[in-house]
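K.L.:
One structure, as structure tokens, below. Some questions next.
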Amino acid sequence: MTICDSNSDIISHVPDNILEEILRCLPIQDAVRTSLLSRKWRYAWVKLPQLVFDNMFYKDLHRLTQAKVLTIIYQVLLLHRGPIIKFTLSLSGLESCSEIDQLILFVSDNAIEDFELRIWKGELYKLPSSLYSSLQLKHLNLHSCMLKPPPGFGGFTNLRSLYLYEVVIADDVLSSLISSCLLLEELILDSLISIDSLEVVGPNLKSVNCEGHFRSICFTNTSRLEDVTLYLKGTRKKLLFSEGEISSSVVLLDCVPAIDFLGLDSSYVKGIAASGVLTRLPTTLNNLKNICLYDICFGEQDEVYVLICLIRSSPNLEEIFIHAFPSETSAIRIDLDFLEECGCSDVSLNKLRKVEMKNVSGAQPEQDFIKLLLAKSPMLETMLIGLKAQNVADGLRFSAKAPKSPSIVVSNPEAIKPKTCCKIEGSCTPVVVGRRQAKVRIVGVRDRDDGDWVTKKRRRTLQIYEDLELEFAAMAKP
């Protein structure tokens with residue numbers, strides 16, 4: 001930047017690239033207001049390639065009617081010059097209306113690459129045909145819309161990411177749309193309406209997140225897929241899969257050899273279990289490093305078997321997250337010894353470093369599983385156990401088998417005092433898993449607001465719950 005003379009104002013000599021970056025960081029109404037700063041800034045905002053009309057924009061206009069707000073947005077578009085690379089329309093309370101058609105028609109003629117539309121109230125919005133002519137689209141994000149492409153639509157061939165939330169679209173149309181997007185890397189489908197089955201074809205797909213009542217999901221040509229999350233949102237009383245679809249639950253995992261992250265809920269786990277008690281998956285998931293399971297009931301043997309099967313088939317796991325499902329059966333101990341019944345002698349978790357379990361009720365099967373992880377994970381560094389409020393069994397005791405005792409954090413926001421947790425290094429005796437037992441060292445109690453540790457230097461009993469007491473030798477923090 002050249003040095004300005006004393007009679008010039010600095011703001012008029014801001015380089016174009018910095019000026020554009022400043023405008024990008026501002027809400028659109030503030031960007032428009034910069035026109036008053038100087039002659040150079042007067043029409044700078046009209047060339048902004050990104051137009052975002054969200055709640056930041058809406059905060060000063062919330063008293064106006066929706067029709068008036070949309071008129072203001074249309075006037076902004078009329079004043080705009082140049083391509084509109086990104087357009088977002090996401091206002092609180094936005095309802096479906098014909099005025100939105102005009103906005104989409106305008107941006108579809110301006111080389112739009114990133115389009116986001118969120119309808120928050122009322123009826124679903126039927127997308128106009130003009131959107132399907134935006135073949136430059138790279139990112140498409142739709143909430144509460146109806147997708148019905150015109151005849152002859154060949155898909156968005158440049159699309160990289162697709163996010164559909166509460167969207168109405170036919171099974172075959174969705175599958176065809178996905179398969180036509182050969183460059184698609186990220187797919188998120190959440191709470192789709194009237195979708196029964198789904199076929200995912202994507203040679204460049206890296207991430208898939210599906211949440212909804214899918215009865216069948218098929219992956220084809222997805223060798224690069226690394227991140228898979230499938231939450232089918234079924235019920236425990238009724239199996240979501242039919243007999244002919246059960247086997248696909250297992251086969252699906254065979255189609256993602258490069259998977260690095262796997263997230264499943266109990267509905268999908270039940271589908272795997274219904275295919276028969278598996279000791280190991282057909283394909284070893286050598287690249288899987290992170291597994292996340294929701295609503296797993298340790299009182300249901302079939303779910304426990306699948307959990308062990310997944311762990312056994314993933315020798316390079318580094319992190320495990322499990323959200324337990326509380327039920328009456330979760331308090332019932334498994335008839336035979338947990339470890340022997342599941343055949344866990346060959347389970348090896350040599351790379352596991354972190355375990356997090358939430359909603360733990362303290363039932364015996366849960367304790368057995370925690371003991372298994374402690375016994376089979378020599379490199380374990382951290383175990384976080386979130387206890388279910390006021391529902392913990394007496395005598396929660398663990399021990400670790402590791403060169404360095406892992407940190408075990410047992411927490412409950414309603415226990416001890418509000419917003420605190422206790423950090424336990426090592427394990428609680430007397431139960432021993434393996435040939436050695438680790439000592440319990442309480443490092444202190446941390447206030448979650450400021451993160452400070454309050455160290456304890458004397459032997460005492462810390463009551464975590466009314467019916468659970470851990471006796472420990474308190475050690476000062478190093």
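K.L.:
For segment 274-296, what are the residues that are buried (at least 22 other Cβ atoms within 10 Å of the Cβ) and farther than 19 Å from V347 by Cα?
P.N.:
Within segment 274-296, just I296 meets the criteria.
K.L.:
To continue, here is another question. Please go through segment 201-219 and pick out each residue that is aliphatic (A, V, I, L, M) and under 11 Å from L162 (Cβ atoms).
P.N.:
So the first thing to find is which residues in segment 201-219 are aliphatic (A, V, I, L, M), and the list is 201, 205, 208, 217.
L205, V208, listed by residue number.
K.L.:
Are any of the residues in segment 120-130 under 24 Å from A44 (Cβ atoms) and at pLDDT 95 or above?
P.N.:
Taking segment 120-130 as the starting set, the residues that turn out to be under 24 Å from A44 (Cβ atoms) are none.
No.
K.L.:
Do you know which residues across segment 185-199 are part of a strand (DSSP E or B) and either more than 21 Å from the chain's Cα centre (by Cα) or surrounded by fewer than 17 Cβ atoms within 10 Å (Cβ to Cβ) (or both)?
P.N.:
Within segment 185-199, the subset part of a strand (DSSP E or B) is 186-190, 193, 197-199.
Passing the criteria: I188, D190, I193, S197, E199.
K.L.:
For segment 150-169, give me the residue count where each residue is within 23 Å of P203 (Cα to Cα) and surrounded by 15 or more Cβ atoms within 10 Å (Cβ to Cβ).
P.N.:
11
K.L.:
Among the residues of segment 266-302, how many are more than 18 Å from C255 (Cα to Cα) and either free of Cβ contacts under 8 Å to residues at least 12 places away in the same chain or of a type in the set (A, V, I, L, M, F, W, C) (or both)?
P.N.:
In the first step, residues of segment 266-302 are kept if they are more than 18 Å from C255 (Cα to Cα); the result is 266-267, 270, 273-274, 276-277, 279, 292-302.
Right, trim to either free of Cβ contacts under 8 Å to residues at least 12 places away in the same chain or of a type in the set (A, V, I, L, M, F, W, C) (or both) and you get 273-274, 276-277, 292-293, 296-298.
Going through segment 266-302 one residue at a time, the tally reaches 9.
K.L.:
Another question, then. Does Y58 satisfy the criteria of being of a type outside the set (A, V, I, L, M, F, W, C), farther than 21 Å from K138 by Cα and buried (at least 16 other Cβ atoms within 10 Å of the Cβ)?
P.N.:
Working: of a type outside the set (A, V, I, L, M, F, W, C): yes; farther than 21 Å from K138 by Cα: yes; buried (at least 16 other Cβ atoms within 10 Å of the Cβ): yes.
Here the answer is yes, as Y58 does meet what is asked.
K.L.:
Let me ask another. Just to be sure I understand, how many residues within segment 202-226 are over 18 Å from the mean Cα position of the chain (by Cα), crowded, with 18+ Cβ neighbours inside 10 Å and within 11 Å of V256 (Cα to Cα)?
P.N.:
The qualifying residues number 2.
K.L.:
Just to verify a result, which residue in segment 292-307, among those that are among the hydrophobic types (A, V, I, L, M, F, W, C) and within 15 Å of L262 (Cβ to Cβ), is nearest to the chain's Cα centre (by Cα)?
P.N.:
Here is the first cut: in segment 292-307, the ones among the hydrophobic types (A, V, I, L, M, F, W, C) are 292-293, 296-298, 304, 306-307.
Among the residues that remain, those that are also within 15 Å of L262 (Cβ to Cβ) are: 292-293, 296, 306-307.
On the way: C292: 10, L293: 12, I296: 17, V306: 22, L307: 20 Å.
Taking the candidates together, the pick is C292.
K.L.:
Out of the residues in segment 92-103 that are out of contact with any Gly (no Cβ under 6 Å at 6 or more places or on another chain) and either outside any helix (DSSP H, G or I) or among the small types (G, A, S) (or both), state the one that is nearest to S129 (Cα to Cα). So that I can check it myself, show each step before the final result.
P.N.:
Step one: list which residues in segment 92-103 are out of contact with any Gly (no Cβ under 6 Å at 6 or more places or on another chain), which gives 92-94, 97-103.
From what is left, the residues that are either outside any helix (DSSP H, G or I) or among the small types (G, A, S) (or both) are 92-94, 97-98.
On the way: S92: 25, G93: 24, L94: 21, C97: 15, S98: 13 Å.
Among residues in segment 92-103 that are out of contact with any Gly (no Cβ under 6 Å at 6 or more places or on another chain) and either outside any helix (DSSP H, G or I) or among the small types (G, A, S) (or both), the one nearest to S129 (Cα to Cα) is S98.
K.L.:
Please enumerate the residues belonging to segment 201-220 that are assigned to a strand (DSSP E or B) and not aliphatic (A, V, I, L, M). Break it down into steps so the answer makes sense when it comes.
P.N.:
From segment 201-220, those assigned to a strand (DSSP E or B) are 201, 207-211, 216-220; that's our starting set.
Across segment 201-220, the qualifying residues are S207, N209, C210, E211, S216, C218, F219, T220.
Listed here are the residues, each with its yes/no results for (1) out of contact with any Ser or Thr (no Cβ under 7 Å at 6 or more places or on another chain); (2) at pLDDT 85 or above; (3) part of a loop (DSSP other than H, G, I, E, B); (4) charged (D, E, K, R).
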position: C4; (1), (2), (3), (4): yes, no, yes, no
position: S12; (1), (2), (3), (4): no, no, no, no
position: L19; (1), (2), (3), (4): yes, no, no, no
position: Q29; (1), (2), (3), (4): yes, no, no, no
position: T34; (1), (2), (3), (4): yes, no, no, no
position: R42; (1), (2), (3), (4): no, no, yes, yes
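K.L.:
For segment 146-184, which residues satisfy the criterion of being in contact (Cβ under 8 Å) with a residue 24 or more places away in the chain, more than 21 Å from G212 (Cβ to Cβ) and in a loop (DSSP other than H, G, I, E, B)?
P.N.:
G154, G155, F156, T157, N158, R160, L182, L183
K.L.:
Ok, one more. Just the residues that are buried (at least 18 other Cβ atoms within 10 Å of the Cβ) and modelled with pLDDT of 85 or more, please, taken from segment 246-259.
P.N.:
I259 - this is the single residue of segment 246-259 that is buried (at least 18 other Cβ atoms within 10 Å of the Cβ) and modelled with pLDDT of 85 or more.
K.L.:
Tally the residues that are of a type outside the set (F, W, Y), part of a strand (DSSP E or B) and buried (at least 18 other Cβ atoms within 10 Å of the Cβ), restricting the search to segment 104-138.
P.N.:
Within segment 104-138, the first condition is being of a type outside the set (F, W, Y), and the residues that meet it are 104-105, 107-114, 116-119, 121-124, 126-131, 133-138.
Adding the requirement that they be part of a strand (DSSP E or B) leaves 114, 116-118, 121, 126.
With the extra rule that they be buried (at least 18 other Cβ atoms within 10 Å of the Cβ), the set shrinks to 114, 116-118.
Going through segment 104-138 one residue at a time, the tally reaches 4.
K.L.:
Out of the residues in segment 273-292 that are under 20 Å from L373 (Cβ atoms) and β-branched (V, I, T), which is modelled with the highest pLDDT?
P.N.:
Only one residue tops the list, namely I291.
K.L.:
Let me ask you something else. Could you list, in sequence order, all residues of segment 61-86 that are more than 16 Å from L103 (Cα to Cα) and in contact with a helix residue (DSSP H, G or I) (Cβ under 6 Å, 6 or more places away or on another chain)? Spell out how you get there, then give the answer.
P.N.:
Taking segment 61-86 as the starting set, the residues that turn out to be more than 16 Å from L103 (Cα to Cα) are 61-65.
Across segment 61-86, the qualifying residue is only L61.
The values are calculated or read from the model by the stated rules, or taken from the named source; none is laboratory data. These numbers were taken from a predicted model, which means no experiment stands behind them. For neighbour counting, all protein chains shown are included, and Cβ atoms are generated from backbone atoms with ideal geometry for every residue, glycine included.
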